[in-house]
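Colleague: Let me give you the structure first, and then I'll get to my questions.
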Amino acid sequence: MFADDPGIIVFEASDAESGEAAFISERPDVCVLDINLPGVTGFELARRILTRSPETPILIFSMNDDPAFAKRAIEAGARGYVSKSGDPADLVQAIREVSNGGVFLPAALARKIAFAGPSLENDRLSQLTARELEILRLLAAGKSLSEIAWTIKVSYKTIANTSSALRRKLGLRSPAELVRLAIEEKLG
């Protein structure tokens with residue numbers, strides 16, 4: 001989509017680690033991140049990038065068009081959210097808008113968020129933090145608590161405590177129920 005625009009240079013990364021490295025070395029004007037990345041999610045990568053450079057414009061480009069994910073992206077600091085199933089022109093418009101200091105949501109998604117009412121807040125996953133969602137996604141992907149701790153660079157005890165807190169928060173009794181919920185919600 002940007003091949004004919006000499007003012008735009010695109011850098012690609014295959015996972016969060018290489019994405020973070022590309023951000024550090026290239027300092028792009030806009031970061032376009034997918035939520036579903038190998039290793040850690042786009043939410044975690046956004047957190048890492050914004051920790052380094054709080055003013056970086058981040059745009060989430062995801063296959064998920066659920067308003068709860070768009071809301072979560074905005075809460076994580078993204079300045080825009082575009083679904084891969086939407087109009088390709090939305091991505092172009094979003095990149096231009098976000099790179100100029102603005103924000104972007106496709107109109108249909110903005111309406112869903114604006115008029116969702118209590119249903120968006122009552123969604124089980126909407127009450128979770130970005131870090132909790134990250135841990136849940138990694139559990140759904142089959143990672144052990146030790147692997148999750150290593151992946152997101154925190155202690156095993158932190159992950160074990162967060163896993164217990166997640167079960168309490170979601171009204172689940174066992175780690176297996178937690179993994180099942182993550183799979184049912186298509187987080188893996």
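Colleague: Run the helix sum for the chain: -39,500 (n - 2.57) per DSSP H stretch of 4+ residues, divided by residue count, reported at 222 nm to the nearest 500 deg cm²/dmol. Show your work: numbers first, answer last.
Modeller: Values: 10 runs with 100 residues, N = 188.
Taking each H run of at least 4 residues, the total per residue is -15500 deg cm²/dmol.
Colleague: Let me ask something additional. How much net charge surrounds N161 when only the other residues with a Cβ under 13 Å from the Cβ of N161 are counted, with Lys and Arg +1 and Asp and Glu -1?
Modeller: On the way: positive: R131, K157, R167, R168, K169; negative: E132.
Neighbourhood net charge equals +4.
Colleague: Past 28 Å, Cα to Cα, is the threshold; run K84/K169; K71/K169; K112/K153 against it and keep the listed order. Show your work: numbers first, answer last.
Modeller: Working: K84/K169 31 Å; K71/K169 20 Å; K112/K153 35 Å.
Listed pairs above 28 Å: K84/K169; K112/K153.
Colleague: From the protein chains alone at 1.4 Å, what is the descending order of accessible area for E20, E134, E97, largest first? Please report the intermediate quantities before stating the final value.
Modeller: Values: E20 25, E134 0, E97 80 Å².
Largest accessible area first, the residues go E97, E20, E134.
Colleague: Can you pull the Rg over Rh of segment 61-166, Cα-only, Kirkwood?
Modeller: Values: Rg = 16.1 Å, Rh = 15.4 Å.
That ratio equals 1.04.
Colleague: Turning to a different aspect of this structure: For F104, enumerate residues with amide H under 5 Å from its amide H, sequence gap 5+ or separate chain, H modeled in the peptide plane.
Modeller: Distant-sequence amide H within range of F104: G80, Y81.
Colleague: Using a 1.4 angstrom probe, figure out how much accessible area segment 61-153 has per residue, in square angstrom, rounded to the nearest whole. Can you show the working numbers first?
Modeller: Values: 4640 Å² over 93 residues.
Roughly 50 Å² per residue, with all protein chains present.
Colleague: Hey, another quick one. What list of ³J(HN,Hα) values in whole Hz, one per residue of segment 80-89 in order, does the Karplus curve 6.51 cos²θ - 1.76 cosθ + 1.60 (θ = phi - 60°) give from phi, with Gly and Pro shown as x?
Modeller: Those phi angles translate into x, 8, 9, 8, 5, 7, x, 5, x, 5 Hz.
Colleague: Towards the positive end of the charge dipole of the chain, with charges on Cβ (+1 Lys, Arg; -1 Asp, Glu), say which of A73, A46, S164 has the farthest Cα.
Modeller: Of the listed residues, the answer is S164.
Colleague: Another question, if that's okay. With +1 assigned to the C-beta of every Lys and Arg and -1 to the C-beta of every Asp and Glu, and no other charges, what is the dipole magnitude of the chain about the Cα centre in debye, to the nearest 20? Let's see the in-between values first.
Modeller: Numbers: 23 positive and 25 negative charges, 204 e Å.
With Lys and Arg at +1 and Asp and Glu at -1, about 980 debye.
Colleague: Now for a different question. Once you put a point 7 Å from the Cα of I8 and another 7 Å from the Cα of R124, both along the Cβ direction, what distance in nm separates them?
Modeller: In this crude spin-label approximation the distance works out to 3.9 nm.
Colleague: What angle do you read, to the nearest 10 degrees and between 0 and 90, between the alpha-carbon axis of helix 130-140 and the longest principal axis of the chain?
Modeller: Relative to the chain, helix 130-140 is tipped by roughly 70 degrees.
Colleague: Packing-wise, with mean Cβ within 10 Å as the measure, how do 141-149, 54-62, 171-179 rank, highest first? Walk me through the intermediate numbers first.
Modeller: Details: 141-149: 16.4, 54-62: 18.6, 171-179: 13.3.
Descending mean neighbour count gives 54-62, 141-149, 171-179.
Colleague: Amide H to amide H under 5 Å from F61: which residues, 5+ apart in sequence or cross-chain, H placed 1.01 Å off N in plane?
Modeller: When sequence neighbours closer than 5 places are left aside, the close amide H contacts are L33, D34, I35, V82.
Colleague: For segment 77-113, which trypsin sites (Lys or Arg not before Pro) pass both filters: DSSP loop (anything but H, G, I, E, B) and at most 14 other C-beta atoms within 10 Å? Write down the numbers at each step before the final one.
Modeller: On the way: sites: R79, K84, R96, R111, K112; in loops: R79, K84.
Passing both the DSSP loop test and the Cβ count: K84.
Colleague: Another question about this same structure. Run the accessible area of the chain with a 1.4 Å probe and give the carbon-and-sulfur part as a rounded percent. The partial results should precede the final answer.
Modeller: On the way: 5490 of 10060 Å².
That fraction is 55 percent.
Colleague: Out of every Cα-Cα pair in segment 125-178, what percent are more than 16 Å apart?
Modeller: On the way: 449 of 1431 pairs.
Here the long-distance tail beyond 16 Å is 31 percent of all Cα pairs in segment 125-178.
Colleague: Now for a separate question. What does the charge count near G101 come to, summing +1 for each Lys or Arg and -1 for each Asp or Glu among other residues with Cβ under 13 Å from its Cβ?
Modeller: Working: positive: R79, R96; negative: D29, E55, E97.
Local charge sum for G101: -1.
The values are calculated or read from the model by the stated rules, or taken from the named source; none is laboratory data. What you are looking at is a predicted structure, and each value in this text was computed from that prediction instead of being measured. Methodologically, a virtual Cβ is constructed for each residue, glycine included, from the backbone with ideal geometry; neighbour enumeration extends over all protein chains shown. These area figures cover heavy atoms from the full protein model, side chains too; ligands, DNA and RNA do not enter into them. Shrake-Rupley method; radii C 1.70, N 1.55, O 1.52, S 1.80 Å.
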